[in-house]
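The values are calculated or read from the model by the stated rules, or taken from the named source; none is laboratory data. Just so it is clear, the structure is predicted and the values come from calculations on it, not from any experiment. Ideal geometry is used to build each Cβ from the backbone, glycine not excepted, and the neighbour counts take in all protein chains shown.
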Amino acid sequence: MSDITNLLDLDAHGLTEYCAGLGEKAFHAKQLQRWIHQAGAVDFDAMTDLSKTLREKLKARATIQSPCILRDYTAADGTRKWLIDIGSGDAIETVFIPEKTRGTLCISSQAGCAVNCRFCSTGKQGFNRNLSAGEIIGQLWMAEFALRKTQRPDTQTTRIVTNVVMMGMGEPLLNFDAVVRALRLMLDDNAYGLSRRRVTVSTSGVAPMMDRLAQQLPVSLAVSLHAPEDALRDTLVPLNKKYPLRALMRACQRYLKAAPRDFITFEYCMLAGINDQERHARQLVTLVQEIPCKFNLIPFNPFPESGLASSSPEQIRGFAQILRAHGIVTTIRKTRGDEIDAACGQLAGIVNDRTRLATRSRPARTQAVRQTIEIHPQ
Ligand code: SAH
Ligand code: SF4
């Protein structure tokens with residue numbers, strides 16, 4: 001094991017302990033945190049308010065490990081996508097979606113995913129590994145400072161990423177400790193200072209971990225529902241066999257007691273002929289009748305081996321109408337950055353040829369990260 005510590009892995013508590021271990025006072029941890037997460041510094045010599053001795057100690061024992069960017073795409077609508085190499089042939093994606101009044105960053109929590117939902121290309125890769133806290137917060141760190149350079153070169157302080165959604169690759173609640181440490185940094189006033197309302201964890205329904213999140217760090221919650229009854233959900237989200245809808249709905253109710261918002265967002269991927277019929281909409285109304293919620297209908301983003309198709313726009317509109325007629329606020333997710341999704345489909349081949357990912361026989365693991373802009377309009 002290397003004795004070099006990646007400071008991106010440490011939240012405020014970790015950084016304070018780290019400074020104590022170096023024989024330094026706690027307030028240096030705050031200074032250090034501001035340099036890293038508010039100024040985007042990587043060079044310890046630039047941290048001019050730290051003593052020379054501390055800087056020398058840090059230079060010998062610590063690093064601020066930037067994510068290794070393999071590809072960086074910007075679509076015509078401003079959506080920007082990064083493909084990040086995390087070693088051993090694994091790659092993850094981070095997506096920034098700019099809008100008039102906010103900028104949303106979609107972050108990955110794992111390479112691959114063990115849940116294996118039928119309609120998800122990440123699931124099809126199987127589970128590769130958990131990301132460390134540094135690799136998770138590193139996506140925000142990298143995006144914020146890359147965007148500041150291109151979008152607002154005149155300012156060092158105005159935040160560009162205003163919202164974070166954990167809707168990239170992986171199931172965040174199955175990488176709980178690292179995700180919570182990264183979330184703490186997102187909320188920390190000496191780091192990104194985002195409000196709990198502007199940080200959303202999306203889960204396929206790991207009920208006991210929803211309780212733990214409520215206790216430890218309640219942020220906004222999105223639950224990927226996709227079906228109104230167990231028999232169907234079992235086939236789409238295999239985790240449903242472990243935490244069926246009744247248990248999941250109860251967990252949602254408990255979560256709401258601690259949540260920063262007074263509703264849960266239910267995500268529902270619209271699959272032609274599978275979960276998009278009128279009766280499914282009516283069953284949903286009954287299922288969620290005791291849960292303050294909003295629905296976000298996601299047109300299925302097809303990939304070749306899925307054997308599935310997206311519901312038509314008319315079918316999705318009709319489905320939304322039924323939910324709305326019963327008083328449920330329902331949005332239909334817009335697709336953003338289409339052409340970089342396409343580029344991403346071609347990416348595997350390109351990456352295989354030109355990087356050390358080429359050592360793997362299968363293509364670089366990547367997928368089109370789902371676009372997330374309809375979540376929680378501010
Ligand atoms: N694992 C978490 C978060 C990542 S997935 C979860 O499942 O919630 C984020 C969202 O993208 C989920 O709602 C998921 O169901 C959806 N999704 C996955 N694959 C998709 C696809 N091919 N088309 C549209 N949405 C998809
Ligand atoms: Fe995992 Fe979410 Fe994909 Fe399901 S939808 S396989 S939980 S990343």
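Quick one: is Gly307 surrounded by 21 or more Cβ atoms within 10 Å (Cβ to Cβ) and in the same structural domain as Cys117 (by TED's automatic domain parsing)?
Values: surrounded by 21 or more Cβ atoms within 10 Å (Cβ to Cβ): no; in the same structural domain as Cys117 (by TED's automatic domain parsing): yes.
So Gly307 does not fit the description; no.
Considering only the stretch 99-154, state which residues are over 23 Å from Gly337 (Cβ atoms), basic (Lys, Arg) and touching a strand residue (DSSP E or B) at 6+ places or on another chain (Cβ under 8 Å). If the condition is that a residue be over 23 Å from Gly337 (Cβ atoms), basic (Lys, Arg) and touching a strand residue (DSSP E or B) at 6+ places or on another chain (Cβ under 8 Å), then Arg129 is the only one that fits. Can you say whether Ser88 is more than 12 Å from ligand 1 (Cβ to nearest atom) and at positive phi, as far as the supplied structure shows? In short, yes. Against the conditions (1) under 20 Å from Asn128 (Cβ atoms); (2) touching a residue at least 40 places away in the same chain (Cβ under 8 Å); (3) within 15 Å of the chain's Cα centre (by Cα), Leu239 satisfies every one except (3).
What are the residues in the stretch 77-114 that are among the polar types (S, T, N, Q) and in contact (Cβ under 8 Å) with a residue 60 or more places away in the chain, if any?
So the first thing to find is which residues in the stretch 77-114 are among the polar types (S, T, N, Q), and the list is 79, 88, 94, 101, 104, 108-110.
Result: Thr79, Thr94, Thr101, Thr104, Ser108, Ser109, Gln110.
Determine, yes or no, whether Leu194 is aliphatic (A, V, I, L, M), free of Cβ contacts under 8 Å to residues at least 60 places away in the same chain, buried (at least 21 other Cβ atoms within 10 Å of the Cβ) and not in a helix (DSSP H, G or I). In short, yes.
Going through Leu245, Leu183 one at a time, which residue ends up being within 20 Å of Ser108 (Cα to Cα) and within 16 Å of ligand 1 (Cβ to nearest atom)?
Values: Leu245 fails: within 20 Å of Ser108 (Cα to Cα).
Sole residue among the options that is within 20 Å of Ser108 (Cα to Cα) and within 16 Å of ligand 1 (Cβ to nearest atom): Leu183.
Here Thr122 passes the criteria (1) out of contact with any Cys (no Cβ under 6 Å at 6 or more places or on another chain); (2) buried (at least 22 other Cβ atoms within 10 Å of the Cβ); (3) under 30 Å from Ser310 (Cα atoms) except the one numbered (1). Scan the stretch 288-319 residue by residue and report those that are assigned to a loop (DSSP other than H, G, I, E, B) and of a type in the set (A, V, I, L, M, F, W, C). Of everything in the stretch 288-319, those that are assigned to a loop (DSSP other than H, G, I, E, B) and of a type in the set (A, V, I, L, M, F, W, C) turn out to be Val288, Ile291, Phe300, Phe303, Leu308, Ala309.
When Pro218 is tested against (1) within 16 Å of ligand 2 (Cβ to nearest atom); (2) closer than 27 Å to Leu140 by Cβ; (3) assigned to a loop (DSSP other than H, G, I, E, B), just one condition goes unmet, and that condition is (1).
Among the basic types (Lys, Arg) and within 21 Å of Asn175 (Cβ to Cβ): is that true of Arg196 in this structure? Here the answer is yes, as Arg196 does meet what is asked.
Listed here are the residues, each with its yes/no results for (1) out of contact with any Asp or Glu (no Cβ under 7 Å at 6 or more places or on another chain); (2) within 14 Å of ligand 1 (Cβ to nearest atom); (3) not basic (Lys, Arg); (4) not in a loop (DSSP other than H, G, I, E, B).
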site	(1), (2), (3), (4)
Cys117	yes, yes, yes, no
Glu144	yes, no, yes, yes
Val164	yes, yes, yes, yes
Gly170	yes, yes, yes, no
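When you look at Val95, is it crowded, with 21+ Cβ neighbours inside 10 Å, part of a loop (DSSP other than H, G, I, E, B) and of a type outside the set (Asp, Glu), yes or no? When the stated conditions are applied, Val95 does not pass them.
The residues listed here are Glu267, Glu305; of these, the one that is within 16 Å of ligand 1 (Cβ to nearest atom), among the acidic types (Asp, Glu) and under 21 Å from the mean Cα position of the chain (by Cα) is Glu267. Would you be able to say whether some residue in the stretch 129-146 is within 16 Å of ligand 2 (Cβ to nearest atom) and surrounded by fewer than 23 Cβ atoms within 10 Å (Cβ to Cβ)? Scanning the stretch 129-146, I find at least one residue that is within 16 Å of ligand 2 (Cβ to nearest atom) and surrounded by fewer than 23 Cβ atoms within 10 Å (Cβ to Cβ), so the answer is yes.
Filtering Glu339, Glu267 for residues that are among the charged types (D, E, K, R), at pLDDT 95 or above and out of contact with any Asp or Glu (no Cβ under 7 Å at 6 or more places or on another chain) leaves a single hit, Glu267. Considering every residue within the stretch 154-172, establish whether at least one is crowded, with 19+ Cβ neighbours inside 10 Å and among the charged types (D, E, K, R). For the stretch 154-172, residues crowded, with 19+ Cβ neighbours inside 10 Å and among the charged types (D, E, K, R): present.
Residue by residue, here is whether (1) touching a Ser or Thr at 6+ places or on another chain (Cβ under 7 Å); (2) over 17 Å from Cys113 (Cα atoms) holds:
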site	(1), (2)
Met167	yes, no
Asn190	no, yes
Arg197	yes, yes
Val201	no, no
Pro208	no, yes
Ala222	yes, yes
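Among the residues of the stretch 226-236, are any of a type outside the set (Asp, Glu), within 16 Å of ligand 2 (Cβ to nearest atom) and not in a helix (DSSP H, G or I)?
Of all residues in the stretch 226-236, those of a type outside the set (Asp, Glu) come to 226-228, 231-233, 235-236.
Then drop every residue that is not within 16 Å of ligand 2 (Cβ to nearest atom), which leaves 226-227, 232-233, 235-236.
Pick out the ones that are also not in a helix (DSSP H, G or I) and you get 226-227.
Scanning the stretch 226-236, I find at least one residue that is of a type outside the set (Asp, Glu), within 16 Å of ligand 2 (Cβ to nearest atom) and not in a helix (DSSP H, G or I), so the answer is yes.
Whenever a residue of the stretch 297-308 is more than 21 Å from Pro228 (Cα to Cα), its partners that are among the small types (Gly, Ala, Ser) and within 14 Å of ligand 2 (Cβ to nearest atom), lying with C-beta atoms within less than 6 angstrom and at least six residues away or across chains, give the pairs Phe303/Ser121.
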